[in-house]
1. Can you give the local net charge around residue 108? Use residues other than it whose beta-carbon is closer than 9 angstrom to its beta-carbon, Lys and Arg +1, Asp and Glu -1.
2. Out of residues 5 or more away from residue 160 or on other chains, whose amide H comes under 5 Å of its own, with H placed 1.01 Å from N in the peptide plane?
3. At a 1.4 Å probe, what is the % contribution of carbon and sulfur to the accessible area of segment 15-129?
4. Could you run the Karplus curve 6.51 cos²θ - 1.76 cosθ + 1.60 with θ = phi - 60° over segment 275-281 and give me ³J(HN,Hα) per residue in whole Hz, x for Gly and Pro?
5. If we count every other residue with Cβ under 13 angstrom of residue 38's Cβ, Lys/Arg +1 and Asp/Glu -1, where does the sum land?
6. Around residue 229, with a cut-off of 11 angstrom between Cβ atoms, what is the net charge of the other residues, counting Lys and Arg +1 and Asp and Glu -1?
Amino acid sequence: MGEWRTDPTFAMCRALVDGAELSSFAGGPYDVRAVVAAMRPEAKDGFLLDEVPWEHFPRGDRVREAVHLLHTGNSPVRTGAGVVGGMCADDMRAAAVLAVPFLIRIAADTRHPYRTGALAEVSSPARARYFGVASRDELLLHRGGTQYDDLHDDYDDYGVEVTGYPAGWSVAAARAAITADTTFLQPLLDDPDPKLRIHAAYALATTADPDHTARAAFRTRLAAEQAPIVRAGLVLAIAEATRSHPHPSATAWMRERWRDGTRAPEVRLAAAIGWLCLTDPPPRRPARRRRPPRHGRTRPRHGSPALDGSRRRNRRDGTAALRPDHAPPRTARTGRRPVGPAPLTPRAVGAARSAVLSDPGPGIRP
């Protein structure tokens, strides 16, 4: 973690800490959004890595070397595309964003042995929080805007990376790079490899999609998809795209998939998660106010019954003399009275005695 302090962006991050305005660096050589937007299509298609200013961003040289080794097939996924995922996990996305266009082209190459692993890391820099997101408010949430010239001068609620670099710039640049290469990603939704289809859906879910093109592609693939796990991934991708670009009919569609008991459990679970993320939680009910006691008296609080049921047993034994022989006592476990004649209580005995004394009947004297 020490070598990143020698990167040119460290001076920018120090200036931001000292109170410099973030807008003063927008569009400059250390704005990864501007760097991604300036990458020529020929440089991306031809893997002209020397045209990309990797050295402007923390650990950029390491990412460049990983992309080169992965492209030439001299490195497995763990030391190739895994570098991108590892840096995102360490909250260092700026240099990882520059690898996104090249990872997409590796995934589109049907002859490449590590295309699935490369595609799995494409969407990693495009999400603000990589691990630990499990709340309804943040899951599947991302910002729709991708152009640096229409953003505010703050950090867009993304904060800063561990190096001090604005995280919102990295996330916006990654989504812009994925949006620019949707023509490579959409055909991968029909790839024979199920894992590749899932990763393609997750990558396309992060694109700027105001026309709902990606969501329509998800629905089309979902109609023909047979694997339940891929169907679940497509449902989650639809939910993420809808959260960025709201669409009421998609929310209702998600609820229908969740309530449909004939669908696979994986699909229903994904639909439930998506529907929860697309809707607001119900308002909390106000706490019930306790009624004040009458005449200022408080009811005595009895202690908890003994674990062995001795309290119930003592109460039952005290009224055993008034209980008919054919009426079994209450069970100590449930406290429910079995079906049968009601037991005689002292009040019932007193009422019956009063009735007999008041009307003894013929031939009976009190």
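The values are calculated or read from the model by the stated rules, or taken from the named source; none is laboratory data. Computed from a predicted model, the values in this text were never measured in an experiment. Neighbour counts run over all protein chains shown; Cβ positions are idealised from the backbone, glycine included. Just so you know, the surface numbers come from the protein's heavy atoms only, side chains and all, with ligands and any DNA or RNA stripped out. Shrake-Rupley method; radii C 1.70, N 1.55, O 1.52, S 1.80 Å.
1. On the way: positive: 105, 115; negative: 109, 181.
Around residue 108, the surrounding residues sum to 0.
2. Sorted by chain and number, the residues that satisfy this are 167.
3. Working: 2310 of 4650 Å².
In segment 15-129, the share of accessible area belonging to carbon and sulfur is 50 percent.
4. Working through the residues one at a time gives 5, 5, 6, 8, 10, 7, x Hz.
5. Values: positive: 33, 40, 44; negative: 31, 42, 51.
Charge balance near residue 38 sits at 0.
6. On the way: positive: 195, 197, 231; negative: 225, 266.
Counting the neighbours of residue 229, the net charge comes to +1.
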